[in-house]
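Asker: First the structure, which I've put down as structure tokens, then a few questions once you've had a look.
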């Protein structure tokens, strides 16, 4: 960076490559290192330069040019504002691939929670037996689901118990549920929907819950679609079997969709953003809003100063006008020589 071979955004991409926890995050970091983020920002800067040129022309050549085209300036500012919003949305989406999320597997005892953890992790991480209450502690495993780093948590079966150790495990399970971004709620198709199942469900956020009806490969079935819709309306439901690996790909697709819901469609704009970059983008959004409000109401000199300051703010994204403290913040993350 200091020798001019990389701009600030590309320098930050090196950090992202080192820290990448998924293939998706690595691909986005490599894309950033190639200059994709910088080229995108430069296109937005060009729009602001166009707006500044219209204003400066009216200042320098008032008789020949006259008043600037305020409608064109407003259009250029609106276009930049729109793209800044897209960038911030893309940054939130990319943050999922960078930092991951916490997903909890929950349900009453002996519904297949530990078996699901083992399948998703690709190894026998948790002990599996036919004895209800085998898992008494929280078991965590980092897995990759559709490119998303997931901190997967297998919890003790939630039920009322006189066993002191198991009761502590139940409390820990309830705490994990409250902190998770998403819950996979398992039901046993052979036992029907019990009071214990309903009590577990009441501790969940319905908007962040997926129901997996396990053991669907068995002949005896005590749960059907009508019963599910009556008890858990509006909740995504998957019928499957962990033992026979049925419905598990559908489960992973549903997990991905729910984690990314509300963060825009994949392929719109894909870009990693550091906390520094996100703050600059938010500041630029606010600045553009204030400039848009004063168009035609202040002197051209004042308007020119505002656009110039906006350009300077945006140029900090790529480092063209980075302040010393911003440079220090970027390279502090490398911990070079420490």
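Each value in this text was obtained by applying a stated rule to the coordinates, not by laboratory testing. As the structure is a prediction and not an experimental result, all values here were calculated from the model. As a convention, Cβ positions derive from the backbone with ideal geometry for all residues, glycine included, and neighbour counts pool all protein chains shown.
Asker: What FRET efficiency comes out for residue 59 versus residue 18 if R0 is 35 angstrom and r is the Cβ-Cβ distance? Round to the nearest 0.05.
Answerer: Values: r = 47 Å, r/R0 = 1.35.
Calculated value: 0.15.
Asker: For the stretch 33-128, what's the radius of gyration and Dmax over Cα atoms, in angstrom?
Answerer: 26.5, 85
Asker: So, one more: Bin by bin, in steps of 10 Å, what percent of the Cα pairs in the stretch 84-123 do you find, going until the bin that has the longest distance?
Answerer: In order of increasing distance, the bins hold 24, 29, 22, 19, 5 percent.
Asker: Let me ask something else. Can you pull the percent of Cα pairs in the stretch 199-301 with separation above 24 Å? Intermediate results must be reported in sequence, preceding the final value.
Answerer: On the way: 2776 of 5253 pairs.
That fraction is 53 percent.
Asker: Have a look at the stretch 11-75 and give its Rg and Dmax from the Cα atoms, expressed in angstrom.
Answerer: Rg, Dmax (Cα atoms, Å): 19.5, 60.
Asker: Give, as ranges by residue number, the residues of the stretch 75-90 whose backbone N falls under 11 Å from the point 7 Å along Cα→Cβ of residue 50.
Answerer: Under cut-off, by backbone N: 75-80.
Asker: Using the basic label-point model (7 angstrom from Cα toward the beta carbon), what is the residue 195 to residue 308 distance in nanometres?
Answerer: Taking the simple label geometry, residue 195 and residue 308 are separated by 7.6 nm.
Asker: If you don't mind, there's one more thing I want to ask. What's the extension gain from residue 175 to residue 294 if we count 0.36 nm per residue and subtract their Cα-Cα distance?
Answerer: Residue separation times 0.36 nm, minus the Cα-Cα distance, leaves 37.8 nm.
Asker: Another question, then. Using R₀ = 25 Å, calculate the FRET efficiency as 1/(1 + (r/R₀)^6) where r is the Cβ-Cβ separation of residue 245 and residue 278; round to 0.05. Don't skip to the answer; put the middle values down first.
Answerer: Values: r = 40 Å, r/R0 = 1.60.
Approximately 0.05, to the nearest 0.05.
Asker: What's the FRET efficiency of residue 151 with residue 43 using the Cβ-Cβ distance as r and R₀ = 51 Å, to the nearest 0.05?
Answerer: Working from the Cβ atoms, E equals 0.90.
Asker: Okay, moving on. How would you rank 99-108, 70-79, 45-54, highest first, on the average number of other Cβ atoms within 10 Å across their residues? Intermediate values should be presented prior to the final figure.
Answerer: Values: 99-108: 22.0, 70-79: 15.8, 45-54: 17.5.
In decreasing order of mean packing, 99-108, 70-79, 45-54 become 99-108, 45-54, 70-79.
Asker: Pulled fully out, how much extra length does the chain show between residue 78 and residue 252, if you take 0.36 nm times their separation in residues and subtract their Cα-Cα distance? Spell out each step's value before the answer.
Answerer: Working: separation 174, 0.36 × 174 = 62.64 nm, distance 3.86 nm.
Between residue 78 and residue 252, full extension yields an extra 58.8 nm.
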